[in-house]
Amino acid sequence: EKSANGGNGKSGGGRAPKISLTPQKIHEIFVTEPEVFRAYKEKVPDKMTEEEFWKEYVRSAYYHRFRSKESSGDAEESHHEE
């Protein structure tokens with residue numbers, strides 16, 4: 001499970017929720033957003049760490065677009081951000 005908030009387990013002063021990306025979620029992102037997979041292959045590990053990549057992804061429009069697709073699709077699980 002990847003933590004995209006800095007990896008120290010502490011919240012960033014309440015500014016950003018902790019986002020955990022499971023291997024299943026990462027796979028789903030790569031399948032639905034092939035450009036993210038291409039960027040990952042291009043950048044990790046030569047240009048940035050995996051953790052840095054996912055931090056950037058979460059801040060990007062790709063993540064917000066993925067979340068929109070996810071929430072408008074099947075709602076098999078409920079997500080409560082803390």
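No lab work stands behind these numbers, since they all come straight from the coordinates. It should be emphasised that the depicted structure is a prediction, and the values quoted were computed from it without experimental measurement. Methodologically, a virtual Cβ is constructed for each residue, glycine included, from the backbone with ideal geometry; neighbour enumeration extends over all protein chains shown.
Extension gain for E42-K25 works out to 4.1 nm (0.36 nm per residue, less the C-alpha to C-alpha distance). Modelled spin-label separation between E70 and E56, with each label point placed 7 Å from Cα along the Cα-to-Cβ direction: 2.0 nm.
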